[in-house]
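Have a look at the structure below before the remarks.
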Amino acid sequence: MDKPEIFATWPAVYAVARKYVITVPVRKSTVMWVSVGGRCFYDDSNGILRSASLTHKMEVPAELLESARSYTVCWREVFDRKPYFAELGDVETFTLPFKPVTGNRINLYHIADAHNRVESPVRAGSWFGDDLDILVLNGDIPNHSGQLEYFNSIHEIAGRITKGGLPVIFSRGNHDTRGIYAENLPDHTPTDCGRSYYTVRLGCVWAIVMDCAEDKADDSDEYGHTICCHDFRLRETEFLRSVAADPEHEYAAPGVKHRLVIVHNPFSETHNPPFDIEQELYAEWCRILRETIRPELMLCGHTHGCYITMPGEKLDKKGEPCPVVCASRVTKDPEFFMGGAFTFEDGSVTVRFTDAEGNEQGTREIQI
């Protein structure tokens, strides 16, 4: 099955809280909606169908899509959006299957730090083939937000690996915060009511997506007085506390077997100056996670390395709440990329670092 020509890449289904954000990048101006289980969900702005953006986003209740196991993308090409009697094409449709996360054996692939690479991350992320259950895109997928078209790499990687049929979890990285279009990133990527931090529930897997934002202090000359990330992190801390205080609806809800932290920057480490920011705040994040949520793993990128650090080891500077797995390695060679293949089972997770050529560069089983 080929995708429609008007689609810039395959659709991607992003998981946010208890909804899915079906995202479809297009090549031409269109209005769009999706049909799921006999209901329609529109890409609109207060009742006005959106056509100015080439990225369409439709939010669907998770339980509805998981029950229907398919969705139909519907669109009309916009030829002339006049104030009166706009000229649009006929309704066209494209139906895709969707595989929700089920069972107790879960295969998850982790990609971060692609920095505009597409081909090598797609090859690496195809490690599990048809047995993949969840794809994680964990920050710095575009090189920066200085060019709007850089956002396309996010959806191209997600769409080409999943073909619109599997859930994807997206996390913002520090390079995503840089450039004139950084403030527009929420228009092109999934958020929870505009927030880049949220929780996700996929079958027996519960995850909290955290966002460290920039990796240097707000007053760094590099940012030219364009960020207020410290205040952003204070708001995120309150969110983390609210999640920790609601176990029965979050990490201890019925059926939850695996609890993950997904965050681009491994904040439990202490980086060298000028990256050694928010020591007390990040230590508080570790404490809250360690004493209440008790995650099994923290999945990270940012360091451009593939390694595992256990609580109490050399890199644990703030009281790690769990093992931390950094799973993204890139070099100057655009054909090289290494990510992380995770298989969760009752009582253990197997971590493999795999490259774009299908080579396995290291394996470790962690008891959880």
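Read the figures in this text as sums done on the coordinates, not as results from a lab. As the structure is a computational prediction, the values presented were derived from the model and not from experiment. Don't worry about glycine lacking a Cβ; one is built from the backbone with ideal geometry, like all the others, and counts go over all protein chains shown.
Among MET310, MET338, MET210, determine the one that fluctuates most according to a GNM of the chain built with springs between C-alpha atoms less than 10 Å apart.
In this elastic network of the chain, the residue with the biggest mean-square fluctuation among MET310, MET338, MET210 is MET310.
Positive end of the charge dipole of the chain (Lys, Arg +1 and Asp, Glu -1 on Cβ, about the Cα centre): tell me which of PRO186, GLY159, LEU96 has its Cα farthest that way.
Among PRO186, GLY159, LEU96, the one farthest towards the positive end of the dipole of the chain is LEU96.
In nanometres, what is the gap between the two model label sites at ARG195 and LYS332, each 7 Å from Cα along Cα-to-Cβ?
4.3 nm
Can you give me the distance in nm between label points at HIS249 and GLN361, each placed 7 Å from the Cα along the Cα-to-Cβ direction?
Here the answer is 4.2 nm between the modelled labels.
Within 12 Å, Cβ to Cβ, of HIS110, how many net charges do the neighbouring residues add up to if Lys/Arg are +1 and Asp/Glu are -1?
So the surrounding residues net to +1.
Compute the distance from the alpha-carbon center of segment 110-140 to that of segment 297-322, in whole Å.
Comparing the Cα centres of segment 110-140 and segment 297-322, I get a distance of 20 Å.
I'd like to compare 71-79, 101-109, 240-248: which one has the highest average count of other Cβ atoms within 10 Å, and what's the full order after that?
71-79, 101-109, 240-248
Would you mind classifying segment 22-97 by shape? Square roots of the alpha carbon gyration tensor eigenvalues, ordered a ≥ b ≥ c; an a/c under 1.5 is rounded, otherwise it is prolate if a/b is larger than b/c and oblate if not.
Note, shape of segment 22-97 comes out prolate.
Using only Cα atoms, find the angle between the long axis of helix 229-244 and the longest principal axis of the chain, and express it within 0 to 90 degrees, rounded to the nearest 10.
80 degrees
With contacts defined as alpha carbon pairs under 8 Å and 6 or more residues apart, what's the relative contact order of the chain in percent?
16 percent
Computed from these coordinates, which is Rg and Dmax of the Cα atoms in Å: (i) 21.0, 67; (ii) 22.2, 79; (iii) 20.1, 67?
Computed from the coordinates, Rg and Dmax of the Cα atoms in Å corresponds to (iii).
On a full-extension model of 0.36 nm per residue, what is the gain between ILE48 and PHE85, subtracting their alpha-carbon distance, rounded to one decimal in nm? Don't skip to the end; give the middle numbers.
Working: separation 37, 0.36 × 37 = 13.32 nm, distance 1.47 nm.
Computed gain between ILE48 and PHE85 is 11.8 nm.
Using the Cα atoms of segment 141-297 to build a convex hull, what is its mean projected area in square nanometres?
Projected over every direction and averaged, the Cα hull of segment 141-297 covers 9.8 nm².
Each label point is 7 Å from the Cα along the Cα-to-Cβ direction; what then is the distance between the points at SER70 and GLU92, in nm?
Reported label-point gap for SER70 and GLU92 is 2.0 nm.
Please list 90-97, 178-185 highest first by mean number of surrounding beta-carbon atoms within 10 Å per residue.
Result, highest mean Cβ count within 10 Å first: 178-185, 90-97.
Counting each pair of different Cα atoms once, what's the Kirkwood radius of segment 243-356 in Å, rounded to one decimal?
Numbers: mean 1/r = 0.0656 Å⁻¹.
With all distinct Cα pairs of segment 243-356 included, I get 15.3 Å.
Given H placed 1.01 Å from N in the peptide plane, which residues other than close sequence neighbours of HIS115 have an amide H under 5 Å from its amide H?
ILE141
In whole Hz, with x marking every Gly and Pro, tabulate ³J(HN,Hα) for segment 92-103 from phi via Karplus 6.51 cos²θ - 1.76 cosθ + 1.60, θ = phi - 60°.
Coupling constants for segment 92-103: 10, 9, 8, 9, 10, x, 9, 10, x, 6, 9, x Hz.
Tell me, in nm to one decimal, what length is gained between LEU234 and SER126 on full extension, where the rule is 0.36 nm per residue of separation less the Cα-Cα distance?
35.2 nm
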